[in-house]
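S.K.: The structure that follows is given in the form of structure tokens.
Any read-out appearing in this document is the output of simple, stated calculations on the displayed coordinates, not a laboratory observation. Every value quoted in this text rests on a predicted model; they were computed, and no experiment measured them. Reconstructed Cβ throughout: ideal geometry from the backbone, glycine too, with neighbour counts over all protein chains shown.
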Amino acid sequence: MNTLRPPRRTTSWRDSLAVYLEGRVLTLFAMGFSSGLPLLLVFGTLSFWLREADVSLTDIGYMSWVALAYGFKWVWSPLVDRMPLPLLSRLLGRRRSWMLLSQVLIALALVGMAYCDPKTQLAQLALFALLVAFASATQDIVIDAYRIESAPERLQAAMAASYMTGYRLAMIMAGAGALALAAWLGSNSGYDYRGWQLTYLLMAGLMSLGIITTLLSHEPDIDVNRQNAQQAERKALLLGRGWPTPLAGLGAWVYEAIWCPFADFFRRYGGSALLILGLIACYRISDVVMGVMSNSFYVDMQFSKTEVATITKVYGVIMTLVGAALGGVLVMRFGTLRILFLGAVLTASTNLLFALLNEVGHDLELLTLIISLDNLSAGIATAAFVTYLSSLTNVAFSATQYALFSSIMLLLPKLLAGFSGHFVEQFGYSSFFVGTSLLGIPVMVLIIMVAKRGRHLSPQANK
């Protein structure tokens with residue numbers, strides 16, 4: 001684990017940037033795009049669609065709970081980590097088979113959402129959105145494991161930054177791009193179901209990028225034989241204790257796939273484990289809670305779909321690229337926790353700008369500044385956070401452990417986000433944005449506590 005004190009580095013800035021040309025790093029860019037595309041389609045963009053359809057803020061807040069699937073993906077991550085899929089795993093390998101299955105399910109569920117009008121079919125829309133979230137969370141489990149297993153530690157920061165660049169660009173496509181398409185194919189100022197329907201159909205088509213990347217990429221080199229041997233040894237031990245053969249097989253699988261990943265984490269980090277989990281649970285609370293209401297805020301502030309899309313598409317893309325790349329380089333040069341702290345400060349601070357915009361009113365220049373700074377800070381924070389989570393993960397249990405960390409990361413923020421619409425209706429947007437900014441203060445305290453209690457792990461500790 002890193003500390004806030006910057007480590008000694010001899011790598012030049014040129015060498016640090018050249019790592020982004022590595023083939024494995026570029027592959028993670030496309031996978032990041034596939035991973036980031038579905039999120040806003042069941043989160044921020046969906047809230048814009050629902051608000052235009054005159055769905056209440058309270059219902060929009062509750063609707064965001066479909067994204068809690070991301071917070072519970074640790075429940076089925078052992079299956080994804082260890083269970084092969086019939087035929088597909090033989091053809092593609094364990095990681096790529098699960099990746100392909102989840103990507104196809106996302107595309108089909110987005111088509112289902114496209115054929116549901118929230119004015120008359122809100123419940124059906126919610127069910128398809130839940131399926132998108134479930135399949136997307138499954139895809140995240142596999143891609144995170146693939147990233148950790150497919151490259152050495154020296155490439156992990158760059159791969160995390162490349163992944164997040166693709167991820168953030170996909171979110172811009174699913175955010176600004178979707179709004180622009182809905183305005184172009186339907187109405188820019190009023191509600192037009194046909195525009196939204198065609199937009200979600202096109203978003204489903206964009207999942208083909210992830211499918212093609214999965215088919216063309218290489219399966220990471222995983223020592224499956226060692227995993228199977230350990231499971232066989234455990235099964236033999238249980239058989240020796242008199243367990244029936246079916247139960248012994250199930251017990252051995254549960255021990256190796258479920259118990260060992262969690263026990264390994266607590267064994268390695270001891271008394272610091274709960275503190276680390278607390279930091280993970282709170283790190284993204286400011287931006288996730290605020291994100292549910294941001295697009296509804298734009299609608300209520302009378303910004304058109306085209307205005308929001310244009311600003312996000314131009315300035316958001318630029319600042320996302322800058323933020324993600326800068327975050328990856330800063331982590332390599334100054335250490336993970338140091339940049340993690342910087343990201344927490346930036347993320348909490350930008351929320352205050354939304355409160356300022358609420359007081360100023362409809363102002364395109366201020367909106368441009370806010371979106372630019374928001375994307376820059378998010379890029380830096382997320383690159384550092386993904387690198388931090390990767391550093392905590394033992395590659396022997398990569399899918400399960402990383403799924404646990406990323407689930408904890410989203411569970412509390414998305415649970416609180418469900419009440420955001422009710423809060424805004426009761427207290428207003430300004431109080432809401434200030435409140436989400438204040439939520440970042442405990443995060444900064446936790447990072448300092450983790451740094452003080454942290455200890456350096458040898459490179460072999462996570463292998």
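S.K.: Evaluate the distance, in nm, between pseudo-label points positioned 7 Å from the Cα of Thr245 and of Met449 along their respective Cα→Cβ axes.
M.R.: With each label point 7 Å from Cα toward Cβ, the separation is 5.2 nm.
S.K.: Can you work out the PRE-style zone for Leu352? Point 7 Å along Cα to Cβ, and I want the residues of the range 422-446 with backbone N under 17 Å.
M.R.: 430-445
S.K.: What is the angle, in °, between the Cα long axis of helix 398-417 and the longest principal axis of the Cα atoms in the chain? Nearest 10 is fine, range 0 to 90.
M.R.: Helix 398-417 and the main axis of the chain meet at about 30 degrees.
S.K.: I need to check one value: relative contact order of the chain, counting alpha carbon pairs closer than 8 Å and at least 6 residues apart, in percent. Spell out each step's value before the answer.
M.R.: Numbers: 761 pairs, mean separation 134.0, N = 463.
About 29 percent, as a whole number.
S.K.: What is the sum of charges around Met301, taking Lys and Arg as +1, Asp and Glu as -1, for the other residues whose C-beta is under 15 Å from the C-beta of Met301?
M.R.: On the way: positive: Arg51, Lys305; negative: Glu52, Asp300, Glu307, Glu359, Asp363, Glu365.
Here the count lands on -4.
S.K.: A further question follows. Straight-line reach from Lys73: which aspartates and glutamates have a Cα under 14 Å away, not including same-chain ones fewer than 8 places off?
M.R.: Straight-line reach from Lys73, under 14 Å: Asp81, Asp140, Asp144.
S.K.: Counting only other residues whose beta carbon sits under 10 Å from that of Ala252, what net charge do I get with K and R as +1, D and E as -1? If you can, show how the numbers build up before the last one.
M.R.: On the way: positive: Arg234, Lys235; negative: Glu233, Glu256.
Residues close to Ala252 contribute a combined charge of 0.
S.K.: Going by how many other beta carbons lie within 10 Å of each one, how would you line up Tyr429, Tyr255, Tyr70, fewest first?
M.R.: Ascending Cβ contact count within 10 Å gives the list Tyr255, Tyr429, Tyr70.
S.K.: What are the aspartates and glutamates whose alpha-carbon lies under 12 Å from the alpha-carbon of Lys119, with same-chain residues fewer than 8 places away excluded?
M.R.: Glu52, Asp54, Asp192
S.K.: For the range 292-309, just list the computed ³J(HN,Hα) in residue order, Karplus coefficients 6.51, -1.76 and 1.60, θ = phi - 60°, integers in Hz, with x standing in for Gly and Pro.
M.R.: The phi angles translate into 4, 9, 4, 6, 5, 4, 4, 4, 5, 8, 6, 7, 7, 4, 5, 4, 5, 5 Hz.
S.K.: Another one. Can you check what the net charge comes to around Gly36, using other residues whose Cβ is under 10 Å from the Cβ of Gly36 (Lys, Arg +1; Asp, Glu -1)?
M.R.: Every neighbour counted, the sum reads 0.
S.K.: Taking amide hydrogens as modeled 1.01 Å from N in the peptide plane, which residues meet the under 5 Å criterion relative to Ser187, leaving out close sequence neighbours?
M.R.: The answer is Asp192, Gly195.
S.K.: So, one more: Could you derive backbone 3J(HN,Hα) for the range 245-255 from the dihedral phi with the Karplus parameters 6.51, -1.76 and 1.60 (θ = phi - 60°), listing whole Hz in sequence and x where the residue is Gly or Pro?
M.R.: Result, ordered by residue: 4, x, 5, 5, x, 5, x, 5, 5, 4, 5 Hz.
S.K.: Hey, another quick one. Among Leu28, Leu88, which comes first, then next, by fewest other beta-carbon atoms within 10 Å? All intermediate terms of the calculation are to be shown ahead of the outcome.
M.R.: On the way: Leu28 30, Leu88 16.
Final ranking by Cβ density, sparse to dense: Leu88, Leu28.
S.K.: Could I ask something else about it? Helix 23-41 sits at what angle to the longest principal axis of the chain, using alpha carbons and giving 0 to 90 degrees rounded to 10?
M.R.: With rounding to tens, the tilt is 50 degrees.
S.K.: From the backbone phi of the range 336-349, what are the Karplus-calculated ³J(HN,Hα) couplings (6.51 cos²θ - 1.76 cosθ + 1.60, θ = phi - 60°) in whole Hz, Gly and Pro given as x?
M.R.: Per-residue couplings from phi come out as 5, 5, 5, 6, 4, 5, 4, x, 5, 5, 5, 5, 5, 5 Hz.
S.K.: Name the residue farthest towards the positive end of the dipole of the range 88-165 from the options Leu88, Ser102, Ala158, assuming +1 on Cβ of Lys and Arg, -1 on Cβ of Asp and Glu, about the Cα centre.
M.R.: Result: Leu88.
S.K.: Once you have the Cα-Cα distance between Arg90 and Trp184, take 0.36 nm times their residue separation minus that, and quote the gain in nm to one decimal. If you can, show how the numbers build up before the last one.
M.R.: Working: separation 94, 0.36 × 94 = 33.84 nm, distance 4.40 nm.
Residue separation times 0.36 nm, minus the Cα-Cα distance, leaves 29.4 nm.
S.K.: Something else now. Using 0.36 nm times the number of residues separating Ala236 and Leu438, minus their current alpha carbon distance, what extension gain do you get? Can you show the working numbers first?
M.R.: Values: separation 202, 0.36 × 202 = 72.72 nm, distance 5.40 nm.
Stretched out fully, the Ala236 to Leu438 stretch lengthens by 67.3 nm.
S.K.: Just how large is the dipole of the chain about the Cα centre, in debye to the nearest 20, putting +1 at every Lys and Arg Cβ and -1 at every Asp and Glu Cβ? The partial results should precede the final answer.
M.R.: Numbers: 33 positive and 26 negative charges, 373 e Å.
Using Cβ point charges on Lys, Arg, Asp and Glu, the chain gives about 1800 debye.
S.K.: Now for a separate question. May I ask you to compute the full-extension gain from Gln302 to Ser431, defined as 0.36 nm times their residue separation minus their alpha-carbon distance, rounded to one decimal in nm?
M.R.: Additional length available on full extension: 44.5 nm.
S.K.: Further question: What is the distance, in nm, between label points placed 7 Å from the Cα along the Cα-to-Cβ direction at Val254 and at Tyr115?
M.R.: Once both label points are built, they end up 4.0 nm from each other.
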